[in-house]
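Down below is the structure, laid out as structure tokens.
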Amino acid sequence: MWAAFGVLMVVMLAIDLGMNRKAHTVSFRQALTWSIVWVSLALAFNVGVYAFLGKTKALEFFTGYIIEKSLSVDNLFVFIMIFGYFKIRGEHQARILKWGIIGALVLRALFIFTGIELLTNFHWMFYLFGALLLFTAWKMAFGAEEEVHPDKNLLVRLARKLFPFTKRVRGDWFFVRRKGLLVASPLFLALVMVESSDVLFAIDSIPAIFAVTLDPFIVFTSNIFAIMGLRALYFLLASVMGMFVYLKLGISSILAFVGGKMIAAAMGFYIPIQVSLLVIFTCLTLAVTASLLVSRKPTIPADHV
């Protein structure tokens, strides 16, 4: 199964990188097509997990995939703010997200295997990760709206010290040599912001799947499948993201449940995977339904108030 997953990822990365070598605006149709491709691949892979590893592992994979996919939607809000701050056009957003996701693959592998090792050897880490998820859920539900502050980002400040930057975006390059100096584009700063946001996102999201399973194969593959479809999902939802006003509340409810489940498991109370899946689907369904109902609510003209 590891070999099958590795071959599939290499092939898909080669296709994805080959088709997106030049900067271009991703159309809604293209984003929809790639979203369907990635979701279909994840479901087909889950069938393979069921066939070779059994029903329990298949349910764990599916639950982990749904958790990571839903949590990744929250990261899209941050991407929108980053691109808006740096005034990055659509044709350049795809290039930044491409390299951002490749960097995320490496970071996820490091975080996942480190986290599994910690949880395997230190039981009290279950309480710590569970508390982290509960805090993240509270912050997401009741905290202030996230804002982009590049000047406060450690990696951005470091990049500005290492390289001179152009003020405007010219072309699709991250670096260019001018008068013997290596000069960076604002596209590179946006990429640094995307990568640093994914580090914070991974710290919040990866512990969530540890409440489902500690099987390295299931944790890693479900995470990677969720990440690989993130770019297509961004272009699919970016223009309608404002419609889902209650989505953050639904995602925070999932995090709260998963955090509670992790603490309960550490205390010896196990919640079946079927119950977890039902709770996750219920939270997402209620959040999306409520958001759509609110967005369709007719507005009253000012002169009629």
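No value in this document is a laboratory result; all are computed from the given coordinates. Treat the numbers as computed from the prediction; the structure is a model and nothing was measured. Don't worry about glycine lacking a Cβ; one is built from the backbone with ideal geometry, like all the others, and counts go over all protein chains shown.
Data table
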| quantity | calculated |
| --- | --- |
| Order of PHE52, PHE217 - criterion: other Cβ atoms within 10 Å of each residue's Cβ, fewest first | PHE52, PHE217 |
| Global size of region 74-133 as Cα Rg and Dmax, reported in angstrom | 16.5, 47 |
| Proxy reagent accessibility, fewest Cβ within 10 Å first, across TRP124, TRP173, TRP38 | TRP124, TRP173, TRP38 |
| Enclosed volume per residue, in Å³, of the convex hull spanned by Cα atoms of region 1-105 | 104 |
| The chain, helix-only ellipticity at 222 nm - DSSP H runs n ≥ 4, -39,500 (n - 2.57), divided by all residues, nearest 500 | -25000 deg cm²/dmol |
| Added length on full extension, which subtracts the Cα-Cα distance from 0.36 nm per residue, ALA131 to VAL294 | 55.5 nm |
| Ascending count of other beta-carbon atoms within 10 Å, so fewest first, for THR166, THR63 | THR166, THR63 |
